[in-house]
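Participant: Here's a structure for you.
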Amino acid sequence: MDLRAELLKSIWYAFTALDVEKSGKVSKSQLKVLSHNLYTVLCIPHDPVALEEHFRDDDDGPVSSQGYMPYLNKYILDKVEEGAFVKEDFDELCWTLTAKKNYKPDRNGNSVISHQDAFKLWCLFNFLSEDKYPLVMVPDEVEYLLKKICTAMNVELNSCELDDYLSQEPQGQGGLTVWQFLDMVNSGRFLRGIEQEAISMAVEEVYQEVIEDGYLWKRGQLRRNWSERWFTLKPSALSYYMSEERKEKKGSIALDKHCCVEVLPDRDGKRCMFCVKTSSRTYEMSASDTRQRQEWTLAIQTAIRLQAEGKKSLHKDLKQKRREQREQREQRKAAKEEETQRLKQLQEEKERKLQELELLKEAQRQAEILLQEEEQRRKQQHEEMQRTLEIQLREAEQARASMQAEMVLKEAEAERQRKRIVELEDMQERLQEALQQEVKARQDEEAVRYAQARLLAEEEEKLKQLMKLKEEQEEYIIKTQREKQVLKQEMENKNKCLEEAQKQLEEVRVNRQRVDQDVMAAQRKLRQASTNVKHWNVQMNRLMHPIGPGDKRTNVSGGVFAGYQPLLSRRDSSLK
């Protein structure tokens, strides 16, 4: 299991804990907070503005695990450097998120393990669980982990009771989930009568053994003094820190195939000493007890061997071997079951064939019995048939004699019938002649009826023409009467118009006479006015031109009234 797979297991728990509705999706705001915390604990530099922009709220809604994986791989997991962060801090972050929702210890404080022990068991579960989701631990790994804890407490695990518990507990995906495992441990069924402190120490010991971390005393190279350091064993290196927080790394011992581990005798007041020899330096260390020294030396030697073989770690290698053994057991079990099934099928086939053989024998016996019965029945039928034939023969002889007598009677009857037939044929000929005559008479009658119908049709046609002429005549008479009325009406209207024209003519004549009279009166007035004007002109001329001595009298009438003559003539014409 590489680092990415280990980190993904813990992140999967954190993601599912944020999925409150169990829909497989988490809101973008929660994923933003989760990503920020992952950046922090994994010591990965990041841009907060880019993080805010990537998880900006929009209309797309929440994000599924598949939608979050590209971002997680590209911006977080691809940038993780092994040894640059504290793995325990990362696990604790994911545990804190998932434990709030899923871990439910006893509220009365009667839990077998503490919250910190539950966290370590959760880490061990992730390490030993299968590499498929949802994460489960197969029963063999559950038994292995419980045996390790019980061995650390010098207690023997009851495997039968564990098998009974696992058979009763519902298992999804072929194993227990971490919450089922923690509930099983908290139930106290397998750790009955053991104090919580002893259980915590055992869990811590197994955790340190599997995770391969712990405190050791190390001797300095220059000052040669002893200092307590927190050691972390990896396949390629043995690193040591100031404390278990692993914030300040003091150094690292590179492990390769040229390294070796040796046990040293006690000296300078230090017990349980051993050293790690590399090609360039020898590192002296001291453990707290002999057991711890043995575990550390064995673990370092295994790491050196695995490094030479190109493998990762002891427990991972052991886990892989256990998995291979399980697969081999499953294969052997499947092969055994298949062999058992095949033998069972062969046994069933053999029994079926024996049954078929017994059925065939029984059928043969039944067939022989039926054959004998059939033979007897056939003989009886033959005898009965022979008796029946004899009886029928006698009856046939009697019937023959009776039939001969009947034949004589039938011949006499046939002679009578022939005579009757001759008479009927004659009668038929007479009837045919009568029928032909009747047919001819009917044909003549039909011809007469046809001629009569034709005459009736012609008469009806002539009647229609006559009626049509009558209708046309009536229409012409009506039309003539209407034209006569119209002419009469027009003559009356013309007479009325003539009378009115005569009346108008009389009125015009009267008006003309009256106008003539008016004209004559006007002429008289005009002549009188002309006379007056002439008189007044004479008077005016006299007044305007006084008569001097020796002046001649001018012709007033010719010069003054010469301009009035055309005007008088025009008035006369208009009056006329």
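Participant: For region 81-98, name all the residues that are at pLDDT 85 or above, hydrophobic (A, V, I, L, M, F, W, C) and open to solvent by 10 Å² or more (accessible area, probe 1.4 Å).
Facilitator: If the condition is that a residue be at pLDDT 85 or above, hydrophobic (A, V, I, L, M, F, W, C) and open to solvent by 10 Å² or more (accessible area, probe 1.4 Å), then L93, L97 are the ones that fit.
Participant: While we're looking at this one, here's another question. So, P105, is that one more than 20 Å from Q196 (Cβ to Cβ), open to solvent by 20 Å² or more (accessible area, probe 1.4 Å), modelled with pLDDT under 85 and not hydrophobic (A, V, I, L, M, F, W, C) or not?
Facilitator: no
Participant: Please find, among Q513, Q502, Q523, Q528, the residue that is in a helix (DSSP H, G or I), surrounded by 10 or more Cβ atoms within 10 Å (Cβ to Cβ), at pLDDT below 90 and touching an Asp or Glu at 6+ places or on another chain (Cβ under 8 Å).
Facilitator: Just a single option satisfies the conditions, and that option is Q523.
Participant: Could you list, in sequence order, the residues of region 25-52 that are farther than 19 Å from N126 by Cβ, open to solvent by less than 30 Å² (accessible area, probe 1.4 Å) and part of a loop (DSSP other than H, G, I, E, B)?
Facilitator: I44
Participant: Give the number of residues within region 235-249 that are within 17 Å of Y283 (Cα to Cα) and either charged (D, E, K, R) or in a loop (DSSP other than H, G, I, E, B) (or both). Spell out how you get there, then give the answer.
Facilitator: Step one: list which residues in region 235-249 are within 17 Å of Y283 (Cα to Cα), which gives 236-242, 249.
Then keep just the ones that are either charged (D, E, K, R) or in a loop (DSSP other than H, G, I, E, B) (or both); that gives 236, 242, 249.
Of the residues in region 235-249, 3 are within 17 Å of Y283 (Cα to Cα) and either charged (D, E, K, R) or in a loop (DSSP other than H, G, I, E, B) (or both).
Participant: Right, something else. When the residues of region 211-234 are narrowed to those that are outside any strand (DSSP E or B) and within 23 Å of A84 (Cβ to Cβ), which ends up least open to solvent (accessible area, probe 1.4 Å)? Outline the logic, then answer.
Facilitator: To start, the set of residues in region 211-234 that are outside any strand (DSSP E or B) comprises 211-212, 220-225, 234.
Adding the requirement that they be within 23 Å of A84 (Cβ to Cβ) leaves 211-212, 234.
Numbers: I211: 49, E212: 23, K234: 83 Å².
Within region 211-234, the match that is least open to solvent (accessible area, probe 1.4 Å) is E212.
Participant: Next up: If you take the residues of region 105-129 that are assigned to a loop (DSSP other than H, G, I, E, B) and without any contact (Cβ under 8 Å) to a residue 60 or more places away in the chain, which of them is nearest to the chain's Cα centre (by Cα)?
Facilitator: R107
Participant: Go over the candidates E338, E362, E295 one by one and state the one that is at pLDDT 90 or above, charged (D, E, K, R) and in a helix (DSSP H, G or I).
Facilitator: None of the others qualify; the one that does is E362.
Participant: From the set of residues in region 111-168 that are under 16 Å from S187 (Cβ atoms) and small (G, A, S), which is modelled with the lowest pLDDT?
Facilitator: Filtering region 111-168 for residues that are under 16 Å from S187 (Cβ atoms) and small (G, A, S), the one modelled with the lowest pLDDT comes out as S111.
The values are calculated or read from the model by the stated rules, or taken from the named source; none is laboratory data. Keep in mind that this is a model prediction, so the values were computed, not measured. Positions of Cβ are backbone-derived with ideal geometry, glycine not excepted, and every protein chain shown enters the neighbour counts. To get the accessible areas, we keep the full protein, side chains included, count just its heavy atoms, and leave off ligands, DNA and RNA. Shrake-Rupley method; radii C 1.70, N 1.55, O 1.52, S 1.80 Å.
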